[in-house]
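Below you'll find the structure, written out as structure tokens, and then a few comments.
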Amino acid sequence: MPTKNKIPAILASLFSFWILFVNLSCKDAKVDALQANGNAWHLQPMENSKDSGKLLTFLAQLDSTQITKQTLNNILLRSKTHDSLGQQDSVLFYDRLLLKYSSKTPYREYIAKARSYLAYDHRITGSTDSAYYYYDLAQKSYKELNDSLQVGRKLLEMGKIQFRLADYHSSKQTITEAIPYLDPINNASYTAIAMNELAHNFSRLADILNAEKYYRKAISIDSNTENKALYTNNLALLYQENGQYEKAITLFKELLKNLPDTIEMTEKARFQHNLAFCEWKLYGTNPIGKFTESLGIRKKAKDTWGLLSSYSGFMDYYLDVKDPKGRFYADSLIQISRLIKNPNAELSAIQNLLTKNKATALDLIPRFLTLNDSITKNRLSSKNQFAYLKYQDQQEKEQLLTFKAETAEQKATLIRQQTQKILLLVLFVVMLLVSFSMFYYLKQRHQKEKLQEIYRTEKRISKVVHDELANDLYGLMTSMEHTKNFEKTSVLDRLENIYNRTRDISHETGGIDTLNYTDELKKLLSQFRNDDTVIALKDFNTIKWKNLEDEIKITLYRVLNELLVNMKKHSGASVASISFKQVRKKLAIGYADNGKGLKTPFNKGLGLSNTETRIKNLNGTISFDSELGKGTKITISFPI
């Protein structure tokens, strides 16, 4: 009887399981069908909201495991399609969609792209706060991806936004932070942009000497003739704004004389306008003809930002000669400023009008006060937001360091527990491997003793330099000081003797703090940096320096020192880049500069020969790639 009653219950359970299986199978089949039909939706035109609704329905029915790279690429392509059509609202919609769905996946590169595109979307629409926020998120994403160039580019954009909001000190700090991430060898244009932006900030902070220096750096770094022309124009404007009209006129004339064929007419119009303005200020010549010619070019090209400069020039001239047209061009300038949503230009126009002809501008005083209050509040609000984001970044870094320390401690404890258990199981294996281990140990110890002997020899040579060469040189100096008519040939012979003995010494040797090794390396590099030499580090912090043996640290220090000494003494480079990469148990170092290069085949000399010997003693390799006029590249690799 009890057995009979169980049969219906068992049948009911089997039936319920079958229903559940069918439902799950149908759901999977439905999603598969949606995927099959949806893979090409980015190629299909969406002419109404119904089509967009189909897309959203398709995406809504995907869980995080069903979102593929193809899905994200489709969203991205749809965004680019609308961008090519100038449909900014749709671009913003799809970029937000990309961020939403990429955040559900492990594809971090798409998260970085989405944040970067959203930052750009907000920047071109004037939403500076949102643009700064997304650029900040984007540079964090690219740091996680170890994409140094993109990190530098996003920091540059953040610095530009701070500059537009008159936060010049913060802008300078952010741009300085960006420079080490940029690639001054393969992407020199971005380094030049950074120099140009720094110059802008120094100019606004009334530091004219530094502004001039960094404009000249931008001109020298960028090889593109069009970019050089724009940076030269900025330098000339610096002279113009500070009343150095003769210098400005010289630069503007050189620009117009040597214009590259590829430069746009609007840029030529800009240079002509600026030249006419300076000649008016210096010589009193009438600039209206040149102003009118430049204005016509800008109107034809629909260069609304260029119109600001044209109308400003007309306004300044007519207000100075007390012509009623000054108010007309001031109104034109105000109208264009409102059209392109540039309240700073509008405020400047009203202020200029009130300063030079207040009687004709009394009706603009309320607008001036409103604008001034609004701009001041917006700048203050943005500064506070930027400061808060910086604070958040610092807090996140501290929390991450704390988390890493705690995780490392937990892992260490777990490893200790596992090790104790494993040791009991593998004890008998150890006995079999004792002979092999002893052989390996003796071999390693021999290699270490060999390296240690080299370093002891270096220290001994250092003592010889101090006790012998330095004393001989001092004796020669003393002799020359107290001998009125010393024999030139004798002095030269003694100097040659000291020089030859110095050449025989492989390198100076001194103590290196291997416990604070990263500080030692940074201190070394700082000795070779100056206003004329930029040294960039790439992926320096990705190397686990504390895990390296002292002999490797000392050898690497000596090698880098020798390369930088050669760069300073012989190459004439203005930019050098050093990259680090750890692949499993090997450390790779890449060195490159834009110096004068070497003849091939070239004589390595004592210094580079010593460098090669050091690397070979570590069982490593070193290769040289250099041509006259094309700089030098050196690749080093050794086991760690």
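The values are calculated or read from the model by the stated rules, or taken from the named source; none is laboratory data. The structure displayed is predicted, hence computed values, not measured ones. We place every Cβ from the backbone using ideal geometry, glycine too, and count neighbours over all the protein chains shown. To get the accessible areas, we keep the full protein, side chains included, count just its heavy atoms, and leave off ligands, DNA and RNA. Shrake-Rupley method; radii C 1.70, N 1.55, O 1.52, S 1.80 Å.
Having 3 or more residues that are within 30 Å of ILE124 (Cβ to Cβ) is the bar; report the helices (runs of 4 or more DSSP H) wholly within segment 235-351 that clear it.
On the way: elements: 245-257, 265-283, 288-300, 304-320, 325-339.
Result: 265-283, 288-300, 304-320, 325-339.
If you scan segment 321-361, which residues turn out to be of a type in the set (Lys, Arg) and either within 18 Å of ILE288 (Cβ to Cβ) or in contact with a Lys or Arg (Cβ under 6 Å, 6 or more places away or on another chain) (or both)? Steps first, answer last, please.
Start the filter on segment 321-361 by keeping residues that are of a type in the set (Lys, Arg), which leaves 322, 325, 327, 338, 341, 356, 358.
Answer for segment 321-361, where residues must be of a type in the set (Lys, Arg) and either within 18 Å of ILE288 (Cβ to Cβ) or in contact with a Lys or Arg (Cβ under 6 Å, 6 or more places away or on another chain) (or both): LYS322, LYS325, ARG327, LYS356.
Search segment 56-76 for residues being open to solvent by less than 50 Å² (accessible area, probe 1.4 Å) and part of a helix (DSSP H, G or I), and hand back the single one that is farthest from ARG108 (Cα to Cα). Give the steps one after another, and end with the answer.
Here is the first cut: in segment 56-76, the ones open to solvent by less than 50 Å² (accessible area, probe 1.4 Å) are 58-59, 62, 66-67, 71-72, 74-76.
Narrowing the set further to residues that are part of a helix (DSSP H, G or I) leaves 58-59, 66, 71-72, 74-76.
Numbers: PHE58: 22, LEU59: 19, GLN66: 16, THR71: 14, LEU72: 12, ASN74: 16, ILE75: 15, LEU76: 14 Å.
It comes out as PHE58.
I'd like the full set of residues that are open to solvent by 30 Å² or more (accessible area, probe 1.4 Å) and either in contact (Cβ under 8 Å) with a residue 12 or more places away in the chain or touching a Lys or Arg at 6+ places or on another chain (Cβ under 9 Å) (or both), limited to segment 77-92. Full working, then the answer.
First, pick out the residues of segment 77-92 that are open to solvent by 30 Å² or more (accessible area, probe 1.4 Å): 77, 80-81, 83-90, 92.
LEU77, THR81, GLN88, SER90, LEU92 - these are the residues of segment 77-92 that are open to solvent by 30 Å² or more (accessible area, probe 1.4 Å) and either in contact (Cβ under 8 Å) with a residue 12 or more places away in the chain or touching a Lys or Arg at 6+ places or on another chain (Cβ under 9 Å) (or both).
Suppose we filter segment 174-195 for residues that are assigned to a helix (DSSP H, G or I) and either of a type in the set (S, T, N, Q) or under 19 Å from TYR215 (Cα atoms) (or both); how many remain? Reasoning before the result, please.
Of the residues in segment 174-195, the ones assigned to a helix (DSSP H, G or I) are 174-181, 188-195.
Add one more test, that the residue is either of a type in the set (S, T, N, Q) or under 19 Å from TYR215 (Cα atoms) (or both), and what stays is 174-180, 188-195.
Selection size over segment 174-195: 15.
If I filter segment 157-174 for residues that are among the hydrophobic types (A, V, I, L, M, F, W, C), within 9 Å of the chain's Cα centre (by Cα) and crowded, with 19+ Cβ neighbours inside 10 Å, do I get at least one hit? Can you show your working first?
Step one: filter segment 157-174 for residues among the hydrophobic types (A, V, I, L, M, F, W, C), giving 158, 161, 163, 165-166.
Subset that is within 9 Å of the chain's Cα centre (by Cα): none.
Scanning segment 157-174 turns up no residue that is among the hydrophobic types (A, V, I, L, M, F, W, C), within 9 Å of the chain's Cα centre (by Cα) and crowded, with 19+ Cβ neighbours inside 10 Å.
For segment 540-555, give me the residue count where each residue is open to solvent by 20 Å² or more (accessible area, probe 1.4 Å) and either in contact with a Ser or Thr (Cβ under 6 Å, 6 or more places away or on another chain) or in a helix (DSSP H, G or I) (or both). Talk me through it step by step, then tell me what you get.
Looking only at segment 540-555, we keep the residues that are open to solvent by 20 Å² or more (accessible area, probe 1.4 Å), and these are 541-542, 544, 546-547, 549-551, 554.
Remaining after also requiring either in contact with a Ser or Thr (Cβ under 6 Å, 6 or more places away or on another chain) or in a helix (DSSP H, G or I) (or both): 541-542, 546-547, 550-551, 554.
Here the count works out to 7.
State whether one or more residues within segment 206-215 are among the acidic types (Asp, Glu) and outside any helix (DSSP H, G or I). It would help to see each step written out before you state the result.
Taking segment 206-215 as the starting set, the residues that turn out to be among the acidic types (Asp, Glu) are 207, 212.
Adding the requirement that they be outside any helix (DSSP H, G or I) leaves 207.
Yes, the conditions are met somewhere in segment 206-215.
Could you please find all residues in segment 235-284 being hydroxyl-bearing (Ser, Thr, Tyr), open to solvent by less than 80 Å² (accessible area, probe 1.4 Å) and without any contact (Cβ under 8 Å) to a residue 40 or more places away in the chain?
Within segment 235-284, the first condition is being hydroxyl-bearing (Ser, Thr, Tyr), and the residues that meet it are 239, 245, 250, 262, 266, 283.
From what's left, open to solvent by less than 80 Å² (accessible area, probe 1.4 Å): 239, 245, 250, 266.
Within segment 235-284, TYR239, TYR245, THR250 meet the criteria.
Scan segment 623-640 for residues that are exposed (fewer than 14 other Cβ atoms within 10 Å of the Cβ) and part of a strand (DSSP E or B) and jot them down.
SER623, PRO639
Quick check on my filter: what residues within segment 506-522 are over 11 Å from ARG558 (Cα atoms), open to solvent by less than 30 Å² (accessible area, probe 1.4 Å) and either at pLDDT below 70 or of a type in the set (S, T, N, Q) (or both)?
Selection gives THR514 alone.
I'm trying to understand the selection: among the residues of segment 582-617, which are assigned to a loop (DSSP other than H, G, I, E, B), crowded, with 17+ Cβ neighbours inside 10 Å and at pLDDT 85 or above?
Listed by number, the residues that qualify are ASN594, GLY595, GLY597.
Going through segment 515-548 one residue at a time, which ones are under 25 Å from LYS213 (Cα atoms), acidic (Asp, Glu) and in contact with a Lys or Arg (Cβ under 8 Å, 6 or more places away or on another chain)?
ASP531
Here is a list: ASN566, ASN561. Which entry is open to solvent by 20 Å² or more (accessible area, probe 1.4 Å) and either touching an Asp or Glu at 6+ places or on another chain (Cβ under 9 Å) or outside any helix (DSSP H, G or I) (or both)?
Of ASN566, ASN561, the one residue that is open to solvent by 20 Å² or more (accessible area, probe 1.4 Å) and either touching an Asp or Glu at 6+ places or on another chain (Cβ under 9 Å) or outside any helix (DSSP H, G or I) (or both) is ASN561.
Say we look at segment 523-538 and pick out the residues that are assigned to a helix (DSSP H, G or I) and of a type in the set (A, V, I, L, M); which of these is surrounded by the fewest Cβ atoms within 10 Å (Cβ to Cβ)?
Looking only at segment 523-538, we keep the residues that are assigned to a helix (DSSP H, G or I), and these are 523-526.
Filter once more, so that each one left must be of a type in the set (A, V, I, L, M): 524-525.
On the way: LEU524: 14, LEU525: 18.
Applying the filter and picking the extreme gives LEU524.
Suppose the filter is crowded, with 20+ Cβ neighbours inside 10 Å, over 13 Å from VAL559 (Cβ atoms) and not acidic (Asp, Glu); does GLY620 pass it? Lay out the reasoning, then the answer.
Numbers: crowded, with 20+ Cβ neighbours inside 10 Å: yes; over 13 Å from VAL559 (Cβ atoms): no; not acidic (Asp, Glu): yes.
For GLY620, the condition - crowded, with 20+ Cβ neighbours inside 10 Å, over 13 Å from VAL559 (Cβ atoms) and not acidic (Asp, Glu) - is not met.
Consider only pairs whose beta carbons are under 6 Å apart and that are at least six residues apart or on different chains; among these, list those whose first residue lies in segment 535-552 and is free of Cβ contacts under 8 Å to residues at least 60 places away in the same chain and whose second residue is of a type in the set (Gly, Ala, Ser).
ILE535/ALA576
Looking only at helices (runs of 4 or more DSSP H) that lie completely in segment 101-173, which have at least 3 residues being in contact with a strand residue (DSSP E or B) (Cβ under 7 Å, 6 or more places away or on another chain)?
Numbers: elements: 108-124, 128-144, 148-164.
It comes to none.
Looking for whichever is among the β-branched types (Val, Ile, Thr) and in contact with a Phe, Trp or Tyr (Cβ under 6 Å, 6 or more places away or on another chain) here; the options are ILE161, ILE249. Which one fits? Before the answer, list the steps.
Numbers: ILE249 fails: in contact with a Phe, Trp or Tyr (Cβ under 6 Å, 6 or more places away or on another chain).
Unique residue meeting the criteria: ILE161.
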